[in-house]
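Shown next, in structure tokens, is the structure this report addresses.
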Amino acid sequence: MITKRIIPCLDVKDGRVVKGVNFKGLGDVSSPVELAEFYSSCGADELVFYDITASSDGRKLFTDILTETAKKVFIPLTVGGGINTVEDFDRVLKCGADKVSVNSGAIRNPDLIPRAAERYGNQCVVISADVKRVNGVFKVFAKGGREETDLEAVSWIKRCVDNGAGEVVLNSIDTDGVKGGFDLEMLKAVSDAVSVPVIACGGAGCAEDFLKLLKTLPKVDAGLAASIFHFGEVKIEELKKLLSDNGINVRAI
Amino acid sequence: MVSIVEYGVGNLFSLKSSFAAIGEEVRITGDKDELLSSERIILPGVGAFGDAADSLRANGLDRVLLKAADKGIPIMGICLGMQLLFDFSEEYGHHKGLGLIPGGVKPISDVIPPELKIPHIGWNALSFGEKKHPIFKNIREGDFVYFVHSYYGADCSESTIALTEYGAPITAAVARGNVCGCQFHPEKSGEVGLNILRAFCAWDGR
């Protein structure tokens with residue numbers, strides 16, 4: 001049977017992993033290529049590269065790094081950040097990305113998802129949504145979570161899937177960075193509403209949070225996190241062992 | 001020299017890189033003479049069956065592949081490339097394939113329980129049955145590979161060399177003579193996938 005996926009996310013700015021990371025035994029690593037190789041060897045099922053550079057010089061550095069990574073790492077790579085046009089899809093897919101995630105770009109341009117899905121297939125298009133509760137309503141935020149939109153999250157995500165998004169990354173702003181666990185209520189609302197894979201993001205503080213997520217919500221397919229992996233608070237091999245010991249089907253390496 | 005068939009379908013960067021990573025000389029080509037003089041051929045593919053089959057025919061590559069198969073050159077189809085080896089596909093209509101593997105390509109929704117998601121996307125385990133095909137000599141039963149597909153090879157039990165389980169047994173790989181195919185993506189399946197490509201590169205097609 002298909003396995004649940006564990007996905008580290010690398011925020012990349014000016015060609016380096018933001019903040020850098022410090023692994024015991026690996027020293028200080030801020031090269032995205034090295035980090036990607038390391039995660040792949042630890043059993044990460046997929047990697048997300050998030051481009052947080054604004055400048056065009058930075059963009060070029062980012063695609064160079066993507067190319068370098070895709071030459072060495074043979075697991076699926078998803079790329080996000082600054083994807084506003086079908087040409088942006090083309091730019092990163094040519095450099096070795098397998099999937100492309102869109103966020104603000106899909107809010108600004110409603111044609112982006114259907115056009116990209118038509119050209120590259122639904123499996124290539126990921127809708128990533130930053131969602132926060134506002135007066136008890138799940139609202140979509142744009143621009144990296146800084147700007148509130150008028151969009152109600154569940155209906156927005158459903159519309160994106162109907163338009164051709166083949167996967168959903170749901171990032172809860174409410175739990176992000178709190179390290180108290182994933183936002184199970186929000187994830188349930190979304191995973192009950194769509195029939196494509198849902199990737200949970202925001203809030204994981206320890207390995208048990210992934211176990212609770214996948215035990216409680218069987219419709220969630222994957223857990224994504226950044227800093228807890230980067231700082232070695234959760235080690236992917238140990239996380240997968242914990243999940244496997246508790247009856248969650250994960251890929252052994 | 002491994003040749004990856006270029007026919008205007010999909011992105012071949014990772015596939016090419018994966019052969020480079022295992023130290024194989026590799027080129028992407030749609031040239032008839034280059035293909036027929038290759039030691040082995042990879043038929044890639046993503047997207048819809050009908051478009052891909054049309055594109056192969058428009059370039060005369062269907063005949064080149066049949067000739068290569070006839071010459072005994074080891075050929076591996078990957079994902080949609082595997083499906084193209086079959087007699088036909090029912091994806092959006094009825095389309096003729098290369099006919100190198102007997103059987104047809106049908107929607108997985110025909111055989112899997114309705115609550116399972118489509119596409120079948122993610123890592124799933126391989127099982128080999130009684131006899132392990134040479135392309136799997138470097139890997140073990142139960143090893144995981146990466147799948148992304150909504151259609152599958154049906155009525156091909158004679159040629160099936162690996163299955164995976166997704167609410168029902170699903171064809172994961174097929175072979176007949178010097179022609180084989182993987183529904184999954186070896187170039188996205190980590191070390192297991194590279195080990196399958198290594199074994200393919202060591203396979204004499206028998």
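The values are calculated or read from the model by the stated rules, or taken from the named source; none is laboratory data. Here the structure is a predicted model, which means the values were calculated and not measured. Please note: Cβ atoms are built from the backbone with ideal geometry, for glycine as well, and neighbour counts cover all protein chains shown. Only protein heavy atoms, including side chains, enter the accessible area calculation; ligands, DNA and RNA are left aside. Shrake-Rupley method; radii C 1.70, N 1.55, O 1.52, S 1.80 Å.
What the table shows:
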{"item": "Environment charge of A:Phe182, counting only residues whose C-beta is closer than 12 Å and scoring Lys/Arg +1, Asp/Glu -1", "result": "-2"}
{"item": "Pairs beyond 19 Å (Cα-Cα), from A:Lys99/A:Lys212; A:Lys4/A:Lys240; B:Lys16/B:Lys96; A:Lys4/B:Lys106; A:Lys94/B:Lys117", "result": "A:Lys99/A:Lys212; B:Lys16/B:Lys96; A:Lys4/B:Lys106; A:Lys94/B:Lys117"}
{"item": "Region B:1-85: C-alpha gyration tensor shape, a/c 1.5 cut-off, then a/b vs b/c", "result": "oblate"}
{"item": "P(r) weight above 23 Å for region B:82-164, C-alpha pairs, percent", "result": "27 percent"}
{"item": "Estimated inter-spin distance, B:Met1 and B:Glu165, nm [label 7 Å along Cα→Cβ]", "result": "4.5 nm"}
{"item": "Residue with peak Gaussian network fluctuation, chain B [Cα springs, cutoff 10 Å], from B:Ile41, B:Ile78, B:Ile170", "result": "B:Ile170"}
{"item": "Rg over Rh, two decimals, chain A (C-alpha only, Kirkwood Rh)", "result": "0.94"}
{"item": "Of A:Lys60/A:Lys241; B:Lys132/B:Lys188; A:Lys215/B:Lys131; A:Lys72/A:Lys132, those spanning more than 30 Å from alpha-carbon to alpha-carbon", "result": "A:Lys60/A:Lys241; A:Lys215/B:Lys131; A:Lys72/A:Lys132"}
{"item": "Most to least packed among A:228-235, A:169-176, A:126-133 [average Cβ atoms within 10 Å]", "result": "A:126-133, A:169-176, A:228-235"}
{"item": "Within 10 Å of each Cβ in A:91-98, the average number of Cβ atoms from other chains", "result": "3"}
{"item": "Shape category assigned to region B:118-166 from the gyration tensor of Cα positions, a/c cut at 1.5", "result": "oblate"}
{"item": "Kirkwood-based Rg to Rh ratio, the protein assembly as shown, C-alpha trace", "result": "0.96"}
{"item": "Theoretical ellipticity at 222 nm over the protein assembly as shown - DSSP helices of four or more residues, -39500 (n - 2.57) apiece, nearest 500", "result": "-9000 deg cm²/dmol"}
{"item": "Relative frequency of Cα-Cα separations exceeding 32 Å in chain B, percent", "result": "8 percent"}
{"item": "Computed FRET value (nearest 0.05) for A:Glu233 with A:Ala193, which takes r as the C-beta separation and R₀ as 41 Å", "result": "0.85"}
{"item": "Accessible area per residue, Å², chain B with all protein chains present, probe 1.4 Å", "result": "39 Å²"}
{"item": "10 Å Cβ neighbours from other chains, averaged over peptide B:113-120", "result": "4"}
{"item": "Point-to-point label distance, B:Glu115-B:Lys137, nm (Cα→Cβ direction, 7 Å offset)", "result": "4.4 nm"}
{"item": "Segments B:84-90, A:199-205 sorted - mean Cβ within 10 Å per residue, highest first", "result": "A:199-205, B:84-90"}
{"item": "Peptide B:190-201, shielding by other chains (average Cβ, 10 Å cutoff)", "result": "2"}
{"item": "Hull shadow area, averaged, region A:123-192 [alpha-carbon convex hull, nm²]", "result": "5.0 nm²"}
{"item": "GNM flexibility winner over chain B from B:Asp155, B:Asp33, B:Asp54 (Cα, springs under 10 Å)", "result": "B:Asp33"}
